[in-house]
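The values are calculated or read from the model by the stated rules, or taken from the named source; none is laboratory data. Quantities reported herein were computed from a predicted structural model and do not represent experimental measurements. Cβ atoms come from the backbone with ideal geometry, glycine included; neighbour counts cover every protein chain shown. We work out accessible area using only protein heavy atoms, side chains counted, and drop any ligands, DNA or RNA first. Shrake-Rupley method; radii C 1.70, N 1.55, O 1.52, S 1.80 Å.
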Amino acid sequence: MTLRVGVLASGAGTNLQAILDRVHGREAEVVAVGSDKPDAQALERARAAGVEAAVFARADYADRPARDAAMAAWLRERGAELVVLAGYMQILSPGFLAAFPQRVVNVHPALLPAFPGIRAVEQALDYGVKVFGVTVHFVDEGVDTGPIIAQQAVSLPDATDPDEVRRALRPMEHDVLTGAVRLIARGAVRPDPAHPRRIQVSSGPDGGDGSAG
């Protein structure tokens, strides 16, 4: 069966576009795209692909849990089985995560557990790191603290400009995120029963080595 995916995005939606281009209609079907920003370009990308899109602005709800409950209900009504945060800049409430247990994934522009939260690239530059990277992880109630599915690193020893680093990381985000969605769609991603924080990635039916990169 094809995995039904909902995507949440707050901005330009380049990670969403990568999913639409590489995974949608193949291993998975993007069934809904939601945003907290009515002017998010991600919404235009969804509609251009024939995917239903909706806005869940914080100001339209009594509080964040109420907004997240409405968003979760909307995604579930459309049959979403996996929720991908593709540049979604809001922390999800526990109620939303309970609606999709261990089925919400996020892409983060750092090698977690280093540099969680906002301004991850700036944090890394301020610290003076020589190796940058991206992480795809399951989302829990913390800030970028969920179990790691896949990571990819790049050496940029002379980097000083955040935009330069982001340009280097963007294609890696697309690769790692779409690879992770494919693996989840194939049933190749599961927690290690002996170590709940360790995520096991098995070889897919295509004979690959399970790498999401």
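Looking at the chain alone, DSSP beta bridges between its own residues are antiparallel in about 45 percent of cases. Around the amide H of residue 140, modelled in the peptide plane, lie the amide H atoms of 145, 146, all under 5 Å away and 5 or more residues distant in sequence or on another chain. Distance between the pseudo-spin-label points of residue 47 and residue 198 (7 Å out from Cα toward the beta carbon): 4.8 nm.
Calculated [222 nm] ellipticity per residue, helices only, for the chain: -10000 deg cm²/dmol; basis is -39500 (n - 2.57) per DSSP H run with n ≥ 4, divided by all residues, nearest 500.
Using a ≥ b ≥ c from the Cα gyration tensor of the stretch 1-160 (square roots of the eigenvalues), is it rounded, prolate or oblate, where a/c under 1.5 gives rounded and otherwise the larger of a/b and b/c decides, a/b for prolate? In terms of gyration-tensor shape, prolate.
Neighbours of residue 200 by Cβ distance under 12 Å: Lys/Arg scored +1, Asp/Glu scored -1, total +2.
Between the amide H of residue 154 and those of 132, 133, distances stay under 5 Å, these residues lying 5 or more places away or on another chain, with hydrogens modeled in the peptide plane. Computing FRET efficiency as 1/(1 + (r/R0)^6) for residue 74 and residue 163, where r is the C-beta to C-beta distance and R0 is 25 Å, gives about 0.15.
Would you work out the Kirkwood radius for the stretch 94-213? I mean one over the mean of 1/r across all pairs of different Cα atoms, in Å.
When all Cα pairs of the stretch 94-213 are included, the Kirkwood radius is 15.0 Å.
Heavy-atom accessible surface of the chain, averaged per residue, reaches 47 Å², computed with a 1.4 Å probe.
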